[in-house]
1. Expected output is a single nm value to one decimal: the length gained when fully extending between residue 75 and residue 58, i.e. 0.36 nm times separation in residues minus the C-alpha distance. What is it?
2. Quick check: residue separation of residue 1 and residue 28 times 0.36 nm, minus the Cα distance between them. What number comes out in nm?
3. If ligands, DNA and RNA are left out, what is the accessible area of residue 71 with a 1.4 Å probe, given in Å² to the nearest 10?
4. DSSP loop (so not H, G, I, E, B), at most 13 other Cβ within 10 Å: list which chymotrypsin sites (Phe, Trp or Tyr not before Pro) in the chain pass both filters.
5. Tilt of helix 61-95 relative to the longest C-alpha principal axis of the chain, in degrees (0 to 90, nearest 10)?
6. Using 19 Å as the cut-off for backbone N distance, which residues of segment 60-79 belong to the label zone defined by a point 7 Å from the Cα of residue 45 along Cα→Cβ?
7. What is the percent carbon and sulfur in the accessible area of segment 3-96, measuring with a 1.4 Å probe over the protein chains and ignoring ligands?
8. Which of (i) 1.34; (ii) 1.11; (iii) 1.16 is the computed Cα Rg over 2.2 N^0.38 Å for the structure on display?
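The values are calculated or read from the model by the stated rules, or taken from the named source; none is laboratory data. Predicted model only: the values in this text are computed from it and were never measured. A quick note on method: Cβ atoms are made from the backbone with ideal geometry, for glycine too, and the neighbour counts reach across all protein chains shown. Side chains included, ligands, DNA and RNA excluded: accessible areas come from the protein's heavy atoms. Shrake-Rupley method; radii C 1.70, N 1.55, O 1.52, S 1.80 Å.
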Amino acid sequence: VNGLQARTFGVWTLLSSVIRCLCAIDIHNRTLYYITLFTFCLALVHFLSEVFIYHTASLTIGVMAPLMVASFSMLGMLIGLQYLEVEELSQNKKKN
């Protein structure tokens, strides 16, 4: 790994965390919710590809931790998405 790759990965991580924090602040913003879900998908695919396709990482705790965070976060967001849709439908019914 050279300096450029390390800085690129750092900026990508920072951008993902900013998006995730913004989603936590405005959880009802559907577009932001999907973008946040996509950041977890990207992280999961990235780490899985490094382990199983490129073989540049091994399944150590340093790789397993982001895999578990991304997996559980995606699962939680997909479950939460159902509640957001139900809440949105109930608010639309109240308006009518």
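1. Details: separation 17, 0.36 × 17 = 6.12 nm, distance 2.39 nm.
Length gained, residue 75 through residue 58: 3.7 nm.
2. Result: 5.8 nm gained on full extension.
3. Looks like 50 Å² after rounding.
4. Within the chain, the qualifying chymotrypsin sites (Phe, Trp or Tyr not before Pro) (loop, at most 13 other Cβ atoms within 10 Å) are 54.
5. That works out to roughly 10 degrees.
6. In segment 60-79, the label zone of residue 45 (backbone N under 19 Å from the point 7 Å along Cα→Cβ) covers 66-78.
7. Accessible surface attributable to carbon and sulfur in segment 3-96 totals 71 percent.
8. Computed from the coordinates, Cα Rg over 2.2 N^0.38 Å corresponds to (i).
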